[in-house]
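Step one of this worksheet: look at the structure below.
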Amino acid sequence: MQRLMSRREYAQGEAPFPDEVTRDDAIAIAADVHRAVDLAAERRAEVAARKGSSIACHAGCSACCEQLVMIWSGEAELIAEWLDQPEQAEIRRAFLEAYPAWLEKSTPAIDRVMQLTAAGDAKGQFAALVDHWRQRVLCAFNAGGLCTIYPVRPVLCRNAHALDTPAKCHPDNDTGTAATSLHFVPLEDFLRKTRSLAMAVHHARGGARKQPEPLPTAVFERLVR
């Protein structure tokens with residue numbers, strides 16, 4: 001992990017990483033990051049409680065699950081490996097069944113986001129992601145309001161949170177204001193660093209330069225290849 005982060009060019013895909021990064025390496029790194037994010041999120045919740053607030057997220061909340069979550073290849077490999085375990089066979093089957101409908105509804109947004117990402121238009125990419133969010137297309141990994149891959153959900157999902165009430169989580173909520181979150185510097189600094197790590201792993205594994213993939217598509221392609 002230290003070697004992958006030793007040069008900015010590895011994260012940016014501007015220089016090849018000199019050593020092999022295996023699928024097992026990518027999975028182990030993603031899992032390690034997940035554990036650290038969960039620990040930091042617990043500390044964030046403790047800080048919120050001391051400030052008189054609480055994390056509002058609970059089973060059944062689905063506003064975040066209507067976002068188009070973009071991930072790098074390490075997390076995709078981790079999720080695909082988990083779904084390939086015999087005990088996850090029913091979750092795998094349900095996902096493969098739900099995926100075509102999700103893809104049909106999401107393809108215009110995916111194409112737009114991918115184009116803007118490739119062009120380096122961060123502002124346009126964010127606007128396109130919000131536009132898709134307003135379409136209320138539920139993630140193919142959500143069933144009955146519950147995340148079916150919760151133990152291996154991506155960092156973006158692990159970090160999502162709202163204080164006190166989930167009523168303002170969706171951009172089209174009728175309150176006119178956005179959900180409140182907690183500025184927690186240790187986690188935010190860690191996420192910036194591990195994003196570079198995830199990108200370095202992605203590029204070392206031959207992923208498209210600076211191009212993350214939509215969560216369901218990235219996992220689907222690894223399950224059926």
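Considering the values (1) 7, 33, 40, 18, 1; (2) 8, 30, 38, 21, 3, 0; (3) 9, 35, 32, 18, 6, 0, which represents P(r) over Cα pairs in 10 Å bins from 0, in percent as calculated for the structure under consideration? Computed from the coordinates, P(r) over Cα pairs in 10 Å bins from 0, in percent corresponds to (2).
Note on Ala101/Arg50: beta-carbon distance plugged into 1/(1 + (r/R0)^6) with R0 of 30 Å gives a FRET efficiency of 0.10. Centroid-to-centroid, using Cα positions, the range 11-25 and the range 116-167 are 27 Å apart. Under the criterion of Cα pairs below 8 Å and six or more residues apart, the relative contact order for the chain equals 40 percent. Along the charge dipole of the chain, which of Val130, Gln88, Val33 sits closest to the positive end, that is, farthest toward it, with unit charges on the beta carbon of Lys, Arg, Asp and Glu (+1, +1, -1, -1)? The listed residue farthest towards the positive side: Val130. If R0 equals 35 Å, the separation of the Cβ atoms of Asp38 and Arg3 corresponds to a calculated FRET efficiency of about 0.90.
Summary value for the range 36-131: 18 percent relative contact order, contacts being C-alpha pairs under 8 angstrom separated by 6+ residues. Label-to-label distance for Gln85 and Glu20 is 2.6 nm, based on points extended 7 Å past Cα in the beta-carbon direction.
The charge dipole of the chain, taken about its Cα centre with unit charges on the Cβ of Lys, Arg, Asp and Glu (plus for the first two, minus for the last two), comes to roughly 520 debye. Applying both filters, DSSP loop and at most 11 other Cβ atoms within 10 Å, to the GluC sites (Glu not before Pro) of the range 1-66 gives Glu20.
Positive end of the dipole of the chain (Cβ unit charges, origin at the Cα centre): among Ser6, Cys139, Cys61, the Cα lying farthest that way belongs to Ser6.
Whole-Hz Karplus values for the range 83-95 come out as 5, 7, 5, x, 6, 9, 4, 5, 5, 4, 4, 5, 5 Hz, taken residue by residue from phi with 6.51 cos²θ - 1.76 cosθ + 1.60 and θ = phi - 60°; glycine and proline positions read x. About its Cα centre, the dipole of the range 32-75 is roughly 280 debye, where the only charges are +1 on Lys and Arg Cβ and -1 on Asp and Glu Cβ.
Just so you know, all these numbers are worked out from the coordinates, no wet-lab data involved. Everything quoted here is computed from the prediction, not taken from an experiment. All Cβ positions, glycine included, derive from the backbone under ideal geometry; neighbour counts span all protein chains shown.
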